[in-house]
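Scroll down for the structure; my scribbles are underneath it.
The values are calculated or read from the model by the stated rules, or taken from the named source; none is laboratory data. Keep in mind it's a predicted model, so treat the numbers as computed, not measured. Cβ: placed from backbone, ideal geometry, glycine included. Neighbour counts: every protein chain shown.
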Amino acid sequence: MSKFLDFVKKFEPPKEKRMLHTLYDGFFTFAYAPNHVTRKSGGVHIRDGMDLKRTMFIVVQAMALCYIFGMYNIGHQHYAALGMHDGFLAGFLTKLLYGALQILPIFIVSNVVGLGIEFFYAAKKGHAIEEGYLVSGALIPLIMPPDIPLWMLAIAIAFAVIIGKEAFGGTGMNVLNIALLARVFVFFAYPGDISGDFCWVAYDYNWLHQIFGMKGATMAALGIEAIPEGMTFSKYVLANTPDGWTGATPLALAAKEGWGAVQNYYTNAQMFWGAIPGSIGETCKPIILIGAAILLALRIASWRIMLSMFIGAALTAILMNLVGGFHVFMAVPWQYHFWMGSFFFAMAFMATDPVTAASTPTGKLIYGFMIGVVGMIVRVLNPAYPEGWMLAILFMNVFAPLIDHYVLEANISKRLKRVSQ
Amino acid sequence: MNIRFKRPVLLFALMTLAVTAQAQAGGLSSAMLTALFAVALLILLVVILLVSDIFMGEEARRTGADKTGENYSLFPRLSEITRPRAAGYTNGASVTHLKRGHDILLEGEAKKVLGEARVNTVAVSPRDFVGMSPIPKVLVAKDDEVKAGDILFFDKKRPEIKYASPVSGQVVDIVRGEKRAIDKIVILVDKEQKYTEREIPNVNGFASREDLVNYLTESGVWAFIRQRPYELVADPADVPRDIFVSTFDSAPLAPDLNFVLGKNATAFQRGLNVLAKLTDGKVHLGLNAGAEGAPNLAFTRAENVEKHWFKGPHPAGNVGIQIHHTAPINKGEVVWTVNAQDVAIIGNLFVTGQYKAERTIAVTGAEVRDPKYYRVPLGANVEDILKNNILTERKTRTVAGDVLTGTQIENDGYLGFFDDQITVLHENDEYELFGWLNPVAVRPSVSSTFPGSAFTDIKYRAETNTHGEPRALVVTGQYEKVLPMDVYPQHIVKAILANDFDRMEGLGIYELAPEDVALCEFACTSKTNVQEILRKGLETLREQG
């Protein structure tokens, strides 16, 4: 083992070549935990085995199942739109392959762009590469629509990492959640491509699919000779979807026509298990809850935020049920709200980001609760966009320091009162 | 072997909520399906638990480990659940239960045996005292003969506090460091100890408090009394609000003060009586309600003091934590603290008239061949104690003090003025392949991501690797979990880094000493030097006056 270490060490570029050295250092510390020892005096002599790499990696592991399911669901929705492989498990390998080839470029672009920027800034500032993007890079593909154009993704990530993080000083300094910032950038900059009913299913075949001959196979199976002039493949598919199929998410249906409309298209089991159109990783509730369970059991994520966010959302939804009447969406029974959309994903992986959340225990309770309330308000009472967690979390990210401020002020005044007594 | 029961309750609550919501949503059939799934999952878990329980029991029988009567089952026995929470020896006194904190269990605890060691030299270092000027006024020269209790030096800023020689002997060296600062005064120890002759005073025989203070400062024992905030040697001009003494040390491998104090009850009580004369308030004694056996009778039967029982993981034994839960320090207030062994040294002066500056120290650590206790003078040279007593398989580091707050010394170096422990641990400066990934590494940690966290009695071999590089603060709530005080340590750290004086004061920096936040530093995922930052913050505030 030490021979291998010596071999690796031979490649260490000189410190003057900053770019190269940062790159080398990044990969080296990835492979080897450093040989640093604690200081001789004035500090502790032993340190906890936990470091940021490990923390981040466990979060990524908790999301791993979402990737596998998301991958399969992309394929499933694609073939459902074509009217092929009807059952959920029919054509298992084909669906899996289609999904894998669809998600792979998204994942690669996400990490190459994000980590590339991070490497560049680390080299420029002369510090080690920080691990923050490990999680962001894994989260971003999961919250994007499956057929997002790659250039759009690249621009969004560049914006989020440069403006959202590096401008504030890098990992640990950002005010807004990086992954959501990328998402919100796409949402506001390209509203046509990330809202409506047609972006939640991947219809087309990319060049990777074509290498595997998947497009040809589909066309042969459906008996399509050629796509008519002036029509792309996806438009052709959309024009010929089977009866009873919709690309609209349950939320979109509920916002337009209420719970009844949702039930016409989707069963509860379908929504619970996640065989519905939506962002890549948000649909399968049990798997997200397993991820949340991992984070809670290992005490990586804050149970305060998760619990209070759930309570906040539930109470708001119940209140809307009671008020009711103004809008069909308000009448959707409160418990169904958790089955539609991305509540659990936002709760488990987005709201719990420690950097952008409130940092005091009491603050976390307030922060989570307010996300639940605001998110539900945005989801139901906003006419344009039937999902609220992204905007609610970003909104509360901005307020988190204020919440902390008041919690600390309470602590300070408690101390002052002690003096005056 | 005890399994710690975690917080799966919440998890189940969330899951159940999800399941009920699903049940309401989906009519009978899908509710049935989900419920069946949940039940199946539960049964699977129970089966796994039961099977592992049987295996563990079998293993315990095979190795004969069950003969000790320990519970080797995964489940607690009925008697363990119904066991009374407060130990019997507290006699029904109210106990402060501290939930937050963490015991770092390490190998190499000192056996309760007193070893023989000849200490040839001792050193007194002005640097052991917070705020001392670098070049104090030294009253002895090289080759001078001194008696135990003779004054060696005093700080020119506070000339009334005298620092005495702990032993009689010959001054062999006055070591100077950078800018001619006095590093230490080394004394060759006489075979027969001679003491500065003093009349045996009577605690109640002093005309005024001032006379008593003068006696204490002249005899050299004043240096044992330190003040909070700042951990300075106490100012003789102050009258403290209260005086606090902790009778147990909860730091990793710390000496057992019940054993250390031994039969010194008379001297200890005398010391407490002296302290009681120095304050308008009370002398508070912090006792351990968390130990198996009752504390030393010297502590439980102490008079002239107010006793407080504490139970909980480290840092429950830290006097700072005990002050916070007894009567917290407010801005402008001063309290004094004295270590339990030093109370006995002060008391001994009033029993025999001699300044007998000896402590029983624990030599600990997994790298020590024979960890046990030694009775040595203050500032003793450790060479003879550690000679042939350190395992040689690994690189080692010798620390005067415990692993959280100590200072590294050479194997022939000297203990500091306040040290009562030596720890030898593994200097692990090796790279570890995929160290951050390794899920089964056995190492001390407050996080639950290491399998060892499930067991409450695994002992670890301490080593000095940082297990990661320093990073910006990312994880929150981590410091609060290991500091049982109503303060927000992470925000104090940030206030110090931002030089925000009002914030520091408001958030209670005066209630903290570096040793109290040592566990925060240990636990920090971002490897921040919390103690150093706090020390800097306190220093700035002190300079600002």
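Things worth noting here:
- Scanning the stretch B:279-304 for residues that are in a loop (DSSP other than H, G, I, E, B) and either free of Cβ contacts under 8 Å to residues at least 40 places away in the same chain or farther than 23 Å from B:P229 by Cβ (or both) yields a count of 12.
- Only one of the listed residues (A:A160, A:A167, A:A179) is among the small types (G, A, S), surrounded by fewer than 16 Cβ atoms within 10 Å (Cβ to Cβ), assigned by TED's automatic domain parsing to the domain that holds A:T241 and at pLDDT 90 or above. That residue is A:A167.
- Taking the stretch B:254-279 as the range and being over 23 Å from B:K372 (Cβ atoms) and polar (S, T, N, Q) as the test, the residues that pass are B:T266, B:Q269, B:N273, B:T279.
- Against the list (1) assigned to a helix (DSSP H, G or I); (2) within 18 Å of B:V343 (Cβ to Cβ); (3) touching a residue at least 40 places away in the same chain (Cβ under 8 Å), the condition B:Q227 fails is (1).
- Strands (runs of 3 or more DSSP E) enclosed by the stretch B:369-428 - at least 2 residues per element that are more than 14 Å from every other protein chain (Cβ to nearest Cβ): B:372-377
- Residue in the stretch A:387-400 that is within 14 Å of chain B (Cβ to nearest Cβ) and either in contact with a strand residue (DSSP E or B) (Cβ under 6 Å, 6 or more places away or on another chain) or assigned to a loop (DSSP other than H, G, I, E, B) (or both) present: no
- Scan of the stretch A:165-216 for residues that are under 19 Å from A:Q77 (Cβ atoms), among the charged types (D, E, K, R) and part of a helix (DSSP H, G or I), ordered by number: A:D193, A:K215
- Figure legend. Inter-residue proximity from the stretch A:265-293: first residues touching a residue at least 60 places away in the same chain (Cβ under 8 Å) and facing chain B (nearest Cβ under 10 Å), second residues polar (S, T, N, Q) and surrounded by fewer than 20 Cβ atoms within 10 Å (Cβ to Cβ), beta-carbon distance below 6 Å, spacing 6+ or different chains. Indicated pairs: A:N268/B:S30.
Rundown of residues vs (1) more than 14 Å from chain A (Cβ to nearest Cβ); (2) within 21 Å of the chain's Cα centre (by Cα), yes/no style:
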{"site": "B:F244", "(1), (2)": "yes, yes"}
{"site": "B:P252", "(1), (2)": "no, yes"}
{"site": "B:K263", "(1), (2)": "yes, no"}
{"site": "B:L275", "(1), (2)": "yes, no"}
{"site": "B:D280", "(1), (2)": "yes, no"}
{"site": "B:A291", "(1), (2)": "yes, yes"}
{"site": "B:N296", "(1), (2)": "yes, yes"}
{"site": "B:E303", "(1), (2)": "yes, no"}
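- Residue in the stretch B:351-358 that is among the basic types (K, R), more than 29 Å from A:L52 (Cβ to Cβ) and modelled with pLDDT under 95 present: yes
- Qualifying residue in the stretch A:243-264 (condition: surrounded by 15 or more Cβ atoms within 10 Å (Cβ to Cβ), hydrophobic (A, V, I, L, M, F, W, C) and over 22 Å from A:P145 (Cβ atoms)): yes
- Test set (1) buried (at least 17 other Cβ atoms within 10 Å of the Cβ); (2) within 30 Å of B:L74 (Cβ to Cβ) - B:T407 fails condition number: (2)
- Helices (runs of 4 or more DSSP H) lying entirely in the stretch A:1-86 (those with 3 or more residues that are within 14 Å of another protein chain (Cβ to nearest Cβ) and surrounded by 15 or more Cβ atoms within 10 Å (Cβ to Cβ)): A:18-31, A:52-82
Conditions (1) touching a helix residue (DSSP H, G or I) at 6+ places or on another chain (Cβ under 7 Å); (2) touching a residue at least 24 places away in the same chain (Cβ under 8 Å); (3) in the same structural domain as A:L394 (by TED's automatic domain parsing), marked per residue:
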position	(1), (2), (3)
A:I318	yes, no, yes
A:F329	yes, yes, yes
A:P333	yes, yes, yes
A:F338	yes, yes, yes
A:P354	no, yes, yes
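- Being surrounded by 24 or more Cβ atoms within 10 Å (Cβ to Cβ), at pLDDT below 95 and of a type outside the set (D, E, K, R) holds for only one residue in A:G324, A:G341, A:G368, and it is A:G341.
- Residues of the stretch B:163-183 classified as within 28 Å of the chain's Cα centre (by Cα) and either surrounded by fewer than 21 Cβ atoms within 10 Å (Cβ to Cβ) or without any contact (Cβ under 8 Å) to a residue 40 or more places away in the chain (or both), total: 1
- Single residue of the stretch A:294-320 satisfying the filter (under 30 Å from A:Q102 (Cβ atoms) and β-branched (V, I, T)) that is farthest from the other protein chains (Cβ to nearest Cβ): A:I294
- Selection over the stretch B:189-211 of residues that are under 28 Å from B:S125 (Cβ atoms) and surrounded by 15 or more Cβ atoms within 10 Å (Cβ to Cβ) gives a count of 7.
- Test: A:G99 is farther than 30 Å from B:K536 by Cα, within 14 Å of chain B (Cβ to nearest Cβ) and within 25 Å of the chain's Cα centre (by Cα): no
- Pairs linking a residue in the stretch A:387-403 that is within 17 Å of A:S195 (Cα to Cα) and assigned by TED's automatic domain parsing to the domain that holds A:T352 to a residue that is of a type in the set (K, R) and part of a helix (DSSP H, G or I), with Cβ atoms under 8 Å and 6 or more positions apart or on different chains, are A:E387/A:R379; A:G388/A:R379; A:W389/A:R379; A:M390/A:R183.
- Just one of the numbered conditions (1) assigned to a loop (DSSP other than H, G, I, E, B); (2) closer than 21 Å to A:G172 by Cβ is not true of A:I403: (1).
- Residues being touching a helix residue (DSSP H, G or I) at 6+ places or on another chain (Cβ under 9 Å), of a type outside the set (D, E, K, R) and within 23 Å of B:T423 (Cβ to Cβ) are represented in the stretch A:35-42 by at least one member.
- Spans of helices (runs of 4 or more DSSP H) in the stretch A:265-377 with at least 3 residues closer than 21 Å to B:F37 by Cβ and not acidic (D, E): A:268-273, A:285-297
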